[in-house]
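Data block below; observations after.
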Amino acid sequence: MKVIVTEYLRIDLDTEQWECRRCGHVLGPARQNYKVHTRVYARDPREIHKPLLDATRYEYTYAPDPAWCAILEFYCPACAALIETEYTVPGHPPINDLELDIDCLKRQWAEREELSAPAGGGLPPQVDHACHGHAGSGRP
Amino acid sequence: MNEMHRGELPGDDELKARFLSANTLFLGPDTELLADHRIQARSTREERVLRDGADDHLFEEIRASLQSALDEGFEVTTNAIVSPAGKFGDMTVTVFTANGDLSSASLRGVIGFCAASGFPIRYVIKHFEHEPTVGVRAGDMFIMNDPFYGGVHSPDQISFMPVYHDGERVAWVAIGLHEGENGAREPGGMGPAMESPWDEGIKMPPIRVAENYRLKFDLVNYLQNSSRDPRLVGADLKVRLATLRRVEARLLALCDTYGANALVGTLRQSLEYVAAEATRRVRELPEGTVRGQIFLDTTMREDALIRFYARISVRDGRLVCDFRGSSPQFMNRPINAPITSIRIGVLMGLVSFIWPDLPRSLAILDPVDILATPGSVADATREVPTCLNMQVFFKAITLTQMALLKLGFGLPRHYGNPIAPWFNQPVTFIYGGVTQHVEQVGNLCADLNGMPGGAKWDADGEHSMSPNFAAYVDTGETELVEEDLPFVQVISKRLLTDNCGFGKFRGGAGYEFSVANRYSDVWGFLALAGGSKFSTTPGMFGGYGSPTYPISMIKEVDVFAELARDAGIFRGSLVDLMNERPFAGASYRTHRAALPFEMARKGELYLQSQGAGGGWGDVLDRDPALVAKDLEEGIISTATAQDIYRIVLDPRTGAVDPQSTEAARTAERAARLARSLPYAEFAAAWNRDTPPAGVPYYGAWGEDVDTLYAGDTTMRADAIQPIFMPDPREVRIAALEARLRTYESC
Ligand SMILES: [Zn+2]
């Protein structure tokens, strides 16, 4: 069973591997930080948030200060999807931002149907009255 | 006394105990009471009512009536209140059980009061109800604002009233509202220049300001005397009392219709439902840990990189929000957050963005634990100023929201549409001075309510929409403001190009706005946002975050006189005004987005913009048609379309060229792989053991939360000390004197 985790990541519970949701590439062991299976680039933040004010005249320009702020970009090594961005201080080790208990995930998903796409939503769940035989009960 | 014999007296210990119990030097805050946010045990009456069988249908009927009573109280207040923030909806009306557990809140307004208002009520019950000089009776109204008694921050005041039926207390009703002006060092009740708790104006632990439904004139006079704006204080005390009386009357009518036990049962059952449902939802999440950090880039007086770090874990049915590793608190800067306000941030993150369908109740935090290092910016002590604690707790909103989404995005069911971080800074102007109506005022512009929303997982974010701390509030009518106050919004609510979080779905864009004093000889402004050097609001799952932004100022000119001469020189955007400099002889400069109060002469222009909501997903996955739409609407520039989204436009028609775009994106993906390194190689070159030299860094570095950096020094977390910042003017004088000495020695 494959479990969706983020926009670009899923975990194959049977093989315990991180996979890219965009290209299917097997990234590496799911018990490790997914970031160690990516390629990384430290972006000068001024390339994304360009100065709107004349940088020769003004101290603050709408662009972050590159001595204070860098944007780490984590790419899928196969399809180059931008899996995650991390705004950080130059030299700060990348944060291990997502550490999942794989055994817990297996227990929880043993009782759930695999999803082919994220659930999204926001609508309140339908109350599943036993006597009405709603979807999931196996009866019409 | 001298003749007494020792042998005839009680033992020393008993004597001491008796003396101490009869002579309280200073009661002070009750940290034990504040620390425990779980719902209390059922009262005897609640137990009896619910044990005898709760009538769910009846309770639901009462709950609906309660909700409309609270919403009615909200409407009554916004229509009568003088506080500008109150008028625009920065308030909440709430109802509590007889023991002070929040049961329900008005649908609109500031969620923070839901996490705060119960604590002063519990304080009154614990310390004053049986105190012969105070007591609690029908018709009482208490008021408070001190954050160390459970308040949100000093400009916010909470008033509350007990509700009695047949001589027995059945509920409390409360109203929390941003009052603003409170006699602090800077007008408006909060500002960058507050250097001690005693600069922050009047600090009220709970005090009874009304008895038998009448305000006590001596106390009203005292409170009015303590503010620059006695009209505001006097009028709003009356409005608060009127609102609470109205809600009380509705509750008593419910008691008469359904019986008081039914009301007591409904109030209690509601919060038990919420606590049980929140616990169930935590158990739905996978166990694990999400780590995140956001850096404040200013103390409000100087640039500084201040870490706010979160490790948010789900384990054994508990959600543990651990903020250790955050910066030490600042002795003389107002950005410190008591842990009670961090709790507010956690609740706001959950209620606004993860479980928006749940009633707005503190009971949501029943399965939540909050940890921080005492003496850090996330668990400030009473020795430091805290009026701008939202600098920290607004980021707790963001980190909580992100953590729950990272843990829960893959779940088969969501209770709210998954959404990237909402913009999280209070970008606005606070004003003070004498108006054209010859009234002394100090308060805030409602522009802080114009925060843009984050991108949704399946759609773009909303442009300047509502604040991250409140729902369904307003940015105010410009004309209404100009009628009351002597300044003009020369640019009002215009979306700034390229000011959004880029992504597959983009975050909402933030608007720009400006103010200029038109009519007053005594007038000034301050501002209190961070985010001029380091982005405050991240993106989600590959999306980019908010840009940074300054305050721009055009001074030493009367723009109204210039425009009277030639209106054609005006430019409708701060970008053009600052880059083209149409006013000859004016001084143009930018400043970090926190500005201590300064006098503004007539016609001097102050310009700001909101930041942006975070983007969602990879920019290269954005539908070219959506890029074209943004371009057409002026949300992004052509340069952004080309350089970030890699869209190729037909040079003749300006339309997207699909084939060339696909080729450009394929080329960019190849370029990503070429310029990046495998993680291990990257980390070996990138990672440093300490913060970069030359950057004033505060807080832990990496995952070691026991060592805290504090500018030039380090300290152990278990020996944490507050940081004392030198006066920026002294620093500047010292630098200039050093330069002078180099000239003198020539
Ligand atoms: Zn891939």
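As an exercise, use a Förster radius of 25 Å and the Cβ-Cβ distance of B:D623 and B:R413 to find the FRET efficiency, rounded to the nearest 0.05. Calculated value: 0.40. Entry comment: accessible area of chain B is 37 Å² per residue, from protein heavy atoms only and a probe of 1.4 Å.
Of the trypsin sites (Lys or Arg not before Pro) in region B:668-726, the ones in a loop by DSSP (not H, G, I, E or B) with at most 16 other beta carbons within 10 Å are B:R688.
Assign one of three labels to region B:57-281, namely rounded, prolate or oblate, based on the Cα gyration tensor with a ≥ b ≥ c the square roots of its eigenvalues; rounded applies when a/c is under 1.5, prolate when it is not and a/b is larger than b/c, and oblate otherwise. Prolate, since a/c reaches 1.5 and a/b exceeds b/c. The loop-placed chymotrypsin sites (Phe, Trp or Tyr not before Pro) in region B:543-579, going by DSSP, include none that has at most 11 neighbouring Cβ atoms within 10 Å of its Cβ.
Taking the chain by itself as reference, region B:373-419 contains these residues with an accessible-area loss of 20 Å² or more in the full protein complex (1.4 Å probe, heavy atoms): B:K406, B:F409, B:G410, B:L411, B:P412, B:R413, B:H414, B:Y415, B:N417.
Based on the alpha-carbon gyration tensor of region B:332-468 and its eigenvalue square roots a ≥ b ≥ c, which shape applies: rounded if a/c is under 1.5, prolate if not and a/b is larger than b/c, or oblate? If you can, show how the numbers build up before the last one.
On the way: a/c = 2.49, a/b = 1.36, b/c = 1.83.
Verdict is oblate for region B:332-468.
In region B:569-601, the residues whose accessible area drops by at least 10 square angstrom when the other protein chains are added to the isolated chain are B:L574, B:V575, B:M578, B:N579, B:R581, B:T590, B:R592; the probe is 1.4 Å and only protein heavy atoms count. With 0.36 nm allotted per residue and the present C-alpha distance subtracted, the B:E556-B:L736 stretch has 62.4 nm of extension available.
Between B and A, roughly 7300 Å² of accessible area is buried in total, ligands, DNA and RNA not counted and the probe set to 1.4 Å. Estimated from the Cβ-Cβ distance and a Förster radius of 51 angstrom, the FRET efficiency linking A:R31 and B:D474 is about 0.55. Taking a ≥ b ≥ c as the square roots of the eigenvalues of the Cα gyration tensor, region A:2-122 is classed as prolate, since a/c reaches at least 1.5 and a/b is larger than b/c.
Buried on complex formation within region B:652-682 (loss of at least 20 square angstrom of accessible surface versus the isolated chain, 1.4 Å probe, ligands and nucleic acids ignored): B:R669, B:R672, B:L673, B:R675, B:S676, B:L677, B:P678, B:Y679, B:F682. Separation of region B:376-430 and region B:35-71, taken as the distance between their Cα centroids, equals 30 angstrom.
DSSP loop (so not H, G, I, E, B), at most 13 other Cβ within 10 Å: list which chymotrypsin sites (Phe, Trp or Tyr not before Pro) in region B:1-108 pass both filters.
B:F26
Once both labels are positioned 7 Å from their Cα atoms along Cα-to-Cβ, the gap between B:D458 and B:E211 label points is 6.0 nm.
Reducing region B:659-721 and region A:30-91 to their Cα centroids gives an inter-centroid distance of 9 Å. For chain B, the share of accessible area belonging to carbon and sulfur comes to 52 percent (1.4 Å probe, ligands and nucleic acids excluded). A 1.4 Å probe run over the protein chains yields, for region A:68-122, 32 Å² of accessible area per residue, whole-number rounding.
Cross-linked pairs A:K35/B:K504; A:K2/A:K35; B:K87/B:K602; A:K50/B:K629; B:K395/B:K533; A:K106/B:K456: Cα-Cα separations exceed 23 Å for B:K87/B:K602; A:K106/B:K456.
The slack between B:E284 and B:A719, meaning 0.36 nm per residue of separation minus the straight C-alpha distance, is 152.8 nm.
In whole percent, what relative contact order does chain B give with Cα contacts below 8 Å and a gap of six or more residues?
12 percent
Here the label points at B:K126 and B:K16, each 7 Å from Cα along the C-beta direction, are separated by 2.4 nm in the simple model. Give me the net charge of B:F323's neighbourhood, meaning all other residues with Cβ under 11 Å from the Cβ of B:F323; Lys, Arg count +1, Asp, Glu -1. Once positives and negatives cancel, what remains is +3.
The accessible surface of region A:2-122, taken with every protein chain in place and a 1.4 Å probe, is 44 percent carbon and sulfur. By the helix-only formula, in which each DSSP H run with n ≥ 4 contributes -39500 (n - 2.57) and the sum is divided by residues, chain B has a 222 nm mean residue ellipticity of -10000 deg cm²/dmol.
The alpha carbon centroids of region B:267-325 and region B:126-142 are separated by 35 Å.
The values are calculated or read from the model by the stated rules, or taken from the named source; none is laboratory data. The structure presented is a predicted model; accordingly, all values stated were derived computationally and were not measured. Cβ coordinates were reconstructed from backbone atoms using ideal geometry, including for glycine residues, and neighbour counts include every protein chain displayed. Note: areas computed on protein heavy atoms with side chains; ligands, DNA, RNA excluded. Shrake-Rupley method; radii C 1.70, N 1.55, O 1.52, S 1.80 Å.
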